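A.B. asks: Questions regarding the structure given below will be posed in turn.
The values are calculated or read from the model by the stated rules, or taken from the named source; none is laboratory data. Being a predicted model, the structure only gives us computed values, none of them experimental. Here the Cβ is made from the backbone with ideal geometry for all residues, glycine too, and neighbour counts use every protein chain on show.
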2 protein chains.
Amino acid sequence: MLAATFISKAPLRLTRAAALSSQIVTEIRNRVFDGSLVPGSFLGSENELAKSFGVSRITVRDALRSLSAMGLVKIRQGAGGGARIAESDLDYFADALAVQFQLAGVGVDETLRAQSAIEGTAAEHRNHEDLERLSGALDHARSVAHDPAAFTEASLGFHLAVAEASRNRALIALLRALRFVVWPSENKRATPDVAARVDKTHREIFARIEAGAGARDAMTKHLGGIRLSKQKQHAEAFC
Amino acid sequence: MLAATFISKAPLRLTRAAALSSQIVTEIRNRVFDGSLVPGSFLGSENELAKSFGVSRITVRDALRSLSAMGLVKIRQGAGGGARIAESDLDYFADALAVQFQLAGVGVDETLRAQSAIEGTAAEHRNHEDLERLSGALDHARSVAHDPAAFTEASLGFHLAVAEASRNRALIALLRALRFVVWPSENKRATPDVAARVDKTHREIFARIEAGAGARDAMTKHLGGIRLSKQKQHAEAFC
DNA sequence: GAAAATTTGTTCGTATGTATC
DNA sequence: CGATACATACGAACAAATTTT
């Protein structure tokens, strides 16, 4: 009995072959990484893929759903449609990242610290156009300081501009995702006095970015100020 | 008929109702964001979900494939199985991020600059245990300097430890994803002299992290050194 | 602008492997 | 070990959408 039990649980047996649809996902994913598939590459219709992989159409569908969810393929219906390797869409992906952060319970603290790291690098890579965009974003925010919702959105615009000044898509994508996690859809706490304080901090950040260094210190101070008031955290945290 | 045609082309027309499976994905995703579903929450079997949503099992399957691909649900078969909201798995996510960076063509340059931003923050948040781990990683790397593959892996370990010292899961996940994009599976170029130079740079980074500031400067110098030699870029870039 | 062709979206039915009880 | 519950997989078919003709 015991022997039979051991045999039936043969240790040599590798994890059984993964699901067929998973194998298809892995295959296509690998071909993207090794460069044999690039954005725009045509994969075929569901029926063609089913035939070429020797599986049913539903199995192919399962695989395409997974690939589509990771943003690796785009699917179009109609004549000439089918599955193609997607162009990169970091925004679409930021959503998936936001989901993971939500599950992980990544909160305001980690978000702001990551933001600080991202924006601190802008000072090192910003060019003249970046500075003009940042300056414009600041002026726009000030012009709508009386409108909490508009001011909040303008503040987001400022931070996005800062991230873009880093000229680094990885960091930009991370910031967009982080903002998606915690940015309140409507922020009614940005009262005029809060707006004035936020504006002051933002201009300090801008000045240091313009100087080309020290942005990290400004961000750290920004964060420190936020922590002074738990109640005001949500209002100021993302401005 | 004509009226119908005009209506069908009405510019005000919002994006038409999304596919049923997409609606299910959105619904579950939203319930995770609003907190009514948390990791471990049981969603039901495919049949139960099909019944409760009023759609076929295959439509539910499509939705579950998408949710599973984003790492939002875990599926188990067998009695007592079914779909549950997943625990967070930032590693799994890092893979999806890596795919996007691959599609976007994010390369060595942006990777290193992002890495610099990530690791620079470690100096601000490291504690005593972090320093011990970092020191251990450095010693381990030095002890295998004669073995290119082992040294490369040890160097990765050092950088991961640095990222972990930032105590920020967003940054840790970003680093893991970036490394996945560009880390060579085998690095045969880490000759002893290269290893010695890398070791020196790493110890400089460590010293500044220990001091609690200035890590960014060390990283920047690291990057600058890498750029001196295009040929040696791949060997040194990720050490 | 309308018809035709192509492809995805969706459903039902059925069979099989697998994990739990 | 058997029974049960569940995901995985296949086949056929129709509806809806989109491009091409």
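A.B. asks: I need a count of the residues in the stretch B:23-56 that are within 16 Å of DNA strand C (Cβ to nearest atom) and either of a type in the set (Phe, Trp, Tyr) or surrounded by fewer than 14 Cβ atoms within 10 Å (Cβ to Cβ) (or both).
C.D. replies: Total satisfying the criteria: 10.
A.B. asks: Residue check: is A:Leu97 buried (at least 22 other Cβ atoms within 10 Å of the Cβ) and either over 29 Å from B:Glu124 (Cα atoms) or among the polar types (S, T, N, Q) (or both)?
C.D. replies: Numbers: buried (at least 22 other Cβ atoms within 10 Å of the Cβ): yes; either over 29 Å from B:Glu124 (Cα atoms) or among the polar types (S, T, N, Q) (or both): no.
Judged against the criteria, A:Leu97 is not a match.
A.B. asks: A follow-up question, please. Among residues belonging to the stretch B:109-124 that are aliphatic (A, V, I, L, M) and more than 16 Å from the chain's Cα centre (by Cα), point out the one that is surrounded by the fewest Cβ atoms within 10 Å (Cβ to Cβ). If you could, list the steps in order and put the result at the bottom.
C.D. replies: Step one: of the stretch B:109-124, the residues aliphatic (A, V, I, L, M) are B:112, B:114, B:117-118, B:122-123.
Those still in the list that are more than 16 Å from the chain's Cα centre (by Cα) too: B:122-123.
Working: B:Ala122: 27, B:Ala123: 23.
By that ranking, first place goes to B:Ala123.
A.B. asks: Moving on. Restricted to the stretch A:18-41, and to residues that are away from chain B (no Cβ under 12 Å), over 26 Å from the mean Cα position of the chain (by Cα) and not in a loop (DSSP other than H, G, I, E, B), which residue is nearest to DNA strand D (Cβ to nearest atom)?
C.D. replies: A:Leu20
A.B. asks: Would you call A:Thr152 polar (S, T, N, Q), over 24 Å from B:Ala94 (Cβ atoms) and in a helix (DSSP H, G or I)?
C.D. replies: On the way: polar (S, T, N, Q): yes; over 24 Å from B:Ala94 (Cβ atoms): yes; in a helix (DSSP H, G or I): yes.
Criteria met by A:Thr152.
A.B. asks: Now, a different point. In the stretch A:27-44, what count of residues is obtained for those that are hydroxyl-bearing (Ser, Thr, Tyr) and in contact (Cβ under 8 Å) with a residue 40 or more places away in the chain? Lay out the reasoning, then the answer.
C.D. replies: Step one: list which residues in the stretch A:27-44 are hydroxyl-bearing (Ser, Thr, Tyr), which gives A:36, A:41.
So of that shortlist, the ones also in contact (Cβ under 8 Å) with a residue 40 or more places away in the chain come out as A:41.
Total satisfying the criteria: 1.
A.B. asks: I'd like to know if the stretch A:105-112 contains one or more residues that are more than 7 Å from chain B (Cβ to nearest Cβ), within 16 Å of DNA strand D (Cβ to nearest atom) and over 24 Å from A:Asn168 (Cβ atoms).
C.D. replies: Within the stretch A:105-112 (the criterion being more than 7 Å from chain B (Cβ to nearest Cβ), within 16 Å of DNA strand D (Cβ to nearest atom) and over 24 Å from A:Asn168 (Cβ atoms)), the answer is no, since none of the residues qualifies.
A.B. asks: Same structure again: For A:Gly80, only one of the following conditions fails: (1) at the interface with chain B (Cβ under 7 Å from one of its Cβ atoms); (2) within 16 Å of DNA strand C (Cβ to nearest atom). What is its number?
C.D. replies: Failed condition: (1).
A.B. asks: Right, something else. Output the number of residues of the stretch A:42-58 satisfying the condition of being within 8 Å of DNA strand D (Cβ to nearest atom) and either more than 14 Å from chain B (Cβ to nearest Cβ) or in a helix (DSSP H, G or I) (or both).
C.D. replies: Pass one, the stretch A:42-58, residues within 8 Å of DNA strand D (Cβ to nearest atom): A:50, A:54-58.
Those left that are additionally either more than 14 Å from chain B (Cβ to nearest Cβ) or in a helix (DSSP H, G or I) (or both): A:50, A:54-55, A:57-58.
Within the stretch A:42-58, residues that are within 8 Å of DNA strand D (Cβ to nearest atom) and either more than 14 Å from chain B (Cβ to nearest Cβ) or in a helix (DSSP H, G or I) (or both) number 5.
A.B. asks: Moving on to the next point. Could you check B:Ala145 against (1) more than 14 Å from every other protein chain (Cβ to nearest Cβ); (2) in contact (Cβ under 8 Å) with a residue 60 or more places away in the chain and say which number it fails?
C.D. replies: (2)
A.B. asks: Any idea which of (1) within 16 Å of DNA strand C (Cβ to nearest atom); (2) buried (at least 23 other Cβ atoms within 10 Å of the Cβ); (3) facing chain B (nearest Cβ under 9 Å) is the one A:Arg61 doesn't satisfy?
C.D. replies: Condition (2) is where A:Arg61 drops out.
A.B. asks: Moving on. List the number of the failed condition for A:Tyr92; all other conditions in (1) of a type in the set (Ser, Thr, Tyr); (2) under 25 Å from B:Ser88 (Cβ atoms); (3) crowded, with 22+ Cβ neighbours inside 10 Å hold.
C.D. replies: Of (1) of a type in the set (Ser, Thr, Tyr); (2) under 25 Å from B:Ser88 (Cβ atoms); (3) crowded, with 22+ Cβ neighbours inside 10 Å, only one is false for A:Tyr92: (3).
A.B. asks: Further question: Looking at (1) facing chain A (nearest Cβ under 8 Å); (2) buried (at least 20 other Cβ atoms within 10 Å of the Cβ); (3) away from DNA strand D (no atom under 15 Å from the Cβ), which is the only condition B:Glu87 fails?
C.D. replies: With (1) facing chain A (nearest Cβ under 8 Å); (2) buried (at least 20 other Cβ atoms within 10 Å of the Cβ); (3) away from DNA strand D (no atom under 15 Å from the Cβ) applied to B:Glu87, the lone miss is (2).
A.B. asks: Does B:Ala137 satisfy the criteria of being under 28 Å from A:Gly105 (Cβ atoms), more than 10 Å from every other protein chain (Cβ to nearest Cβ) and surrounded by 21 or more Cβ atoms within 10 Å (Cβ to Cβ)?
C.D. replies: On the way: under 28 Å from A:Gly105 (Cβ atoms): yes; more than 10 Å from every other protein chain (Cβ to nearest Cβ): yes; surrounded by 21 or more Cβ atoms within 10 Å (Cβ to Cβ): yes.
Yes; evaluated as a whole, the condition is true for this residue.
A.B. asks: Also, I was wondering about something else. Kindly provide the set of residues from the stretch A:46-80 that are within 28 Å of the chain's Cα centre (by Cα) and not hydrophobic (A, V, I, L, M, F, W, C), ordered by number.
C.D. replies: Residues satisfying the conditions are A:Arg61, A:Asp62, A:Arg65, A:Ser66, A:Ser68, A:Gly71, A:Lys74, A:Arg76, A:Gln77.
A.B. asks: Considering only the stretch A:165-199, state which residues are over 24 Å from A:Val99 (Cβ atoms), modelled with pLDDT of 85 or more and in a helix (DSSP H, G or I).
C.D. replies: A:Ala165, A:Asp199
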